[in-house]
Every structure is written in C-alpha cells, then in structure tokens.
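The values are calculated or read from the model by the stated rules, or taken from the named source; none is laboratory data. Small disclaimer: the values here were computed from a predicted structure and weren't measured. Cβ sites come from the backbone with ideal geometry, for glycine too, and all protein chains shown count toward neighbours. Surface areas here come from the heavy atoms of the whole protein model, side chains and all, with no ligands, DNA or RNA. Shrake-Rupley method; radii C 1.70, N 1.55, O 1.52, S 1.80 Å.
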Amino acid sequence: QVQLVESGGGLVQAGGSLRLSCAASGRTFSIYAMGWFRQAPGKEREFVSAMRWGGANIYYSDSVKGRFTISRDNAKNTVYLQMNSLKPDDTAVYYCAARIGMAVSTIRNDYDYWGQGTQVTVSS
C-alpha cells in the first residue's frame, strides 16, 4: 500500500502563487509515476501534471504549461506542484496520485493510489 498526503492549498488572488506538496509513505519503492489532477465543482477530475518517480518524463496539461512546475525531493519522498500566475479557472480540489504501472500516464484511471485532496481557490 501507498499513502499520499497533500498539503499547501489555500486562498490566493489571481496572479499569485502556491506550492502544493504530496508526501508519499508505505511501499514507495513500488511507485513508477506521480501525477497531479484537479476537480472543479460540477466538472470531472482532470489531468494537471505527471512525472516519473525518478524525476524524468514530465508532462503538463496545456492549460497549466508554462505556469506550473512539478518536482520531487528524493530524501523526503515528496512531490511538489509549484503554481504561478494563478487564474480563477485554476480553482479546484487538487489531488496527487501514484501509479504502480510501467509508464507515466495522463489518464486518471491509470493511477492506483490517491490523496485526500487539497482545496485551491483563486479570487479575481
């Protein structure tokens, strides 16, 4: 089993920044990829960013490319999502997810473990 705990959400004005953290514990050696997804009210959960657990093969959705950066701290088993130039449309619950499979994926159903989510609200 893998446990994921997100933190770092909050309320920020448009144009501001936040950094989300996702701490992994348990059988972390089995993780192949980590992803960030988000779900706005009334909408489906959508892909934001993903990377190989080792740090390569990084992907972003078109809506966040150039504004968000995914990274990880090996020593802390933690993945980060640095979010800059935030817009009201970025308002959502953000989830991190871990995939045990053998490829990085942008597809929600490919991920095996999920965190509880952290709320990000961007005011205009």
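Of all lysines in the structure, the ones whose alpha carbon falls short of 21 Å from that of LYS87, not counting any fewer than 8 places away in one chain, are LYS43, LYS65.
The convex hull of the Cα atoms of region 66-110, projected and averaged over all directions, covers 4.4 nm².
For region 43-87, the C-alpha radius of gyration sits at 1.21 times the compact-globule guess of 2.2 N^0.38 Å, with N the residue count. Rounded to 0.05, the FRET efficiency of the ILE100 and ALA40 pair, given R0 = 22 Å and the Cβ-Cβ distance, is 0.20.
Across region 8-54, the convex hull enclosing all Cα atoms gives 122 Å³ per residue.
Close amide H pairs (under 5 Å, H built 1.01 Å from N) link ASP112 with ALA98, ARG99, ILE100, residues at least 5 positions away or on another chain. Only protein heavy atoms count here; under a 1.4 Å probe, LYS43 has an accessible surface of about 140 Å².
In the chain, the alpha-carbon atoms span a convex hull of 91 Å³ per residue. Heavy-atom accessible area with a 1.4 Å probe sorts VAL5, VAL64, largest first, into VAL5, VAL64.
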